[in-house]
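The values are calculated or read from the model by the stated rules, or taken from the named source; none is laboratory data. The structure presented is a predicted model; accordingly, all values stated were derived computationally and were not measured. Positions of Cβ are backbone-derived with ideal geometry, glycine not excepted, and every protein chain shown enters the neighbour counts.
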Amino acid sequence: MIYKLAAHGRVLTLDQPRVMGILNVTPDSFSDGGQHNTLDKAIAHAERLVKEGADIIDVGGESTRPGADAVSVQEELDRVVPVVERIAKELDVFISMDTSKPEVMKEAFNAGGHMINDIRALNEPGAMEVCRDLDAPVCIMHMQGEPRTMQNNIEYKDLLGDISEFLFRKLHCCLNAGIRKQNIIIDPGIGFGKTMDQNYELLGRLETFTSFGYPILVGLSRKSMIGMLTDAPVNARLPGSLALAMYAVNKGAKIIRVHDVAETVQALDCWNYVKKFETKGPRLREILQLGKIIKNRKHV
């Protein structure tokens, strides 16, 4: 099945894995906090992401790293809306808003944004209704707890079962609220309220969520699961990020959220090209059968 995201007359077809470039307009994000937190710096980075091949730019005005401070509605509006407005006017790209606040969703969408990426899965009062009324594509994500506390007291009875149940319930609520099925994307929330081993297990069994019938978004870029395994500091996790991204698309992910766009696009180009040859030529079973025929003929 080929999924399509559409808003403001722009259509993004998920006929192949798409790259979502991260644009944090925050002072305290875990990897690039403070690097793009002025309007001119944010637009310059957005231009770079588009030049490197990003299909989507994900604009975030509130850090969701463990222990991050909350941001007021007005502060997030002031950070996000001008950036979205400028990108919409100046760049040819699909724009995502990484927010949980319905006020920010509405204002940023009306400023030219195209989709909502909500780590709280439309849990804030009014968020579900806003997404319905905007008729905007929206990504709902699983998270245990809140960003400030999500890594405390992590507990699951059954990791895949608990996350699946959460997403099923949330999807039911979205559909009942009037959000169209073709507007929904799901994210199992790797890195959000999970241990290192749980993150790797979740990625290793990502195909579980393809049966839901919705496109899957995953964010793996530079995450602590890489650092915990390899001892690499945040800005030295590109090899691990690429390896996990390619594993995710091979398991069915349709959108990969990344910091390093150029490198991910190159890896995906190679992945997409080699996929063309998977069905060409005789299959292994046919080759083995041919080998048996030849062997039998030698004994005749």
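Table for the structure above
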| quantity | calculated |
| --- | --- |
| Selected residue (criterion: surrounded by the most Cβ atoms within 10 Å (Cβ to Cβ)) from residues of region 214-233 that are farther than 19 Å from Ile119 by Cβ and in contact with a helix residue (DSSP H, G or I) (Cβ under 8 Å, 6 or more places away or on another chain) | Ile226 |
| Of all residues making up region 231-251, the number that are under 12 Å from the mean Cα position of the chain (by Cα) and either more than 26 Å from Lys4 (Cα to Cα) or free of Cβ contacts under 8 Å to residues at least 60 places away in the same chain (or both) | 2 |
| Any pair with Cβ under 6 angstrom, 6 or more apart, that starts in region 194-221 at a residue that is over 13 Å from Lys251 (Cβ atoms) and ends at one that is small (Gly, Ala, Ser) and modelled with pLDDT of 95 or more | Ser221/Ser241 |
| Any chance Ala108 is of a type in the set (Gly, Ala, Ser), surrounded by 17 or more Cβ atoms within 10 Å (Cβ to Cβ), on the phi > 0 side of the Ramachandran plot and at pLDDT 95 or above | no |
| Condition broken by Ile95, with the remaining ones in (1) farther than 28 Å from Tyr156 by Cα; (2) of a type outside the set (S, T, N, Q); (3) surrounded by fewer than 24 Cβ atoms within 10 Å (Cβ to Cβ); (4) in contact with a helix residue (DSSP H, G or I) (Cβ under 6 Å, 6 or more places away or on another chain) satisfied | (3) |
| Close pairs from region 155-184: first modelled with pLDDT of 95 or more, partner among the aliphatic types (A, V, I, L, M) and exposed (fewer than 14 other Cβ atoms within 10 Å of the Cβ), Cβ under 9 Å, at least 6 apart | Lys181/Leu175; Ile184/Leu175 |
